[in-house]
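**Student:** This is the structure, below, for whatever I ask next.
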Amino acid sequence: MHQTVRVFYFSPTGGVRRVARALGSALAKAPEFFDLSDQDVFIPKADGELPAVFAVPVFAGRVPAPAREAVRRIAGAGAPAVAVAVYGSRAFEDALLELCDLLTAQAFVPVAAGAFIAEHSMLRTVAAGRPDARDMQEIEAFAAAVQEKLDSCRHAAVSVPGSRPYCAGKPLPLRPQASDRCVSCGLCARRCPVGAIPPDAPDKTGEACILCMRCVAVCPRQARALPPAGLMAVQAKLGGLTQVRRENQTWL
């Protein structure tokens, strides 16, 4: 086990964070965690000897734009990296390949990759409760395999599924709305990773919204939600996945 590993994650509603922190804790005695959904996150200097983990959610088959932008701020200097895409049971499509390409462009060497399941951010009944105990065991087993590869000094880049050019990645044309339960506490505005909620009007949602559902997840009064018609559309699109247990996948 390494003494430390740098773990970078973009996790609007917590699922990616759980996967990333479990993997980092299984890889190192003292992992360092960096939340890329925090616009003020500290970005450390490049260290070519220190392994890194990058975990992102999948939005419409792609790495979400603000996560891409955050990764482009981080220099690799030849360090080995683990690429992780976390998705809500539908499909990860080109997201994992895109993440590996981003890391390569930043001078990381993606030596391992995984596609892990977490509760769907828009329809919580899909993959409900995941990552669960079984997922955590699989994350630990993946960490052990990654550690073995790192210890062997075989830092060859991993090959992952996906295609170039990447899929269009068009999100649903929806935005969360505030109900009359909103008391304008401003927490959603402070926590929005793209600044789509005006601090002086937190009951509004601007065009910058990426439908990450962070505002819904953090609202202490449950005052934010998808509009009813939009939620019905999501249920029609994803409801069939409620009883499906999609398995995690890894590549080394």
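The values are calculated or read from the model by the stated rules, or taken from the named source; none is laboratory data. Everything numeric in this text was worked out from a predicted model, so none of it was measured. Don't worry about glycine lacking a Cβ; one is built from the backbone with ideal geometry, like all the others, and counts go over all protein chains shown. For the accessible areas, the whole protein counts, side chains as well, though only heavy atoms, and no ligand, DNA or RNA atoms are used. Shrake-Rupley method; radii C 1.70, N 1.55, O 1.52, S 1.80 Å.
**Student:** Quickly run through region 178-214 and pick out the residues that are closer than 14 Å to Ala65 by Cα and among the β-branched types (Val, Ile, Thr).
**Tutor:** Correct list: Val194, Ile210.
**Student:** Working only within region 145-173, note down all residues that are farther than 13 Å from Leu252 by Cα and acidic (Asp, Glu).
**Tutor:** Within region 145-173, just Asp151 meets the criteria.
**Student:** Any idea which of (1) over 18 Å from the mean Cα position of the chain (by Cα); (2) closer than 30 Å to Gly195 by Cα; (3) at pLDDT 95 or above is the one Val158 doesn't satisfy?
**Tutor:** (2)
**Student:** Hey, can you tell me all the residues within region 183-200 that are touching a residue at least 12 places away in the same chain (Cβ under 8 Å) and touching a helix residue (DSSP H, G or I) at 6+ places or on another chain (Cβ under 9 Å)?
**Tutor:** Leu187, Cys188, Ala189, Arg191, Cys192, Pro193, Val194, Gly195, Ala196, Ile197, Pro199
The rows are residues; the columns are (1) open to solvent by 10 Å² or more (accessible area, probe 1.4 Å); (2) within 21 Å of Gly129 (Cα to Cα); (3) free of Cβ contacts under 8 Å to residues at least 40 places away in the same chain.
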residue	(1), (2), (3)
Thr13	yes, yes, no
Ala26	yes, yes, no
Glu32	yes, no, yes
Ser37	no, no, no
Phe42	yes, no, yes
Ala52	no, no, no
Arg68	yes, no, yes
Val82	no, no, no
Ser89	no, yes, no
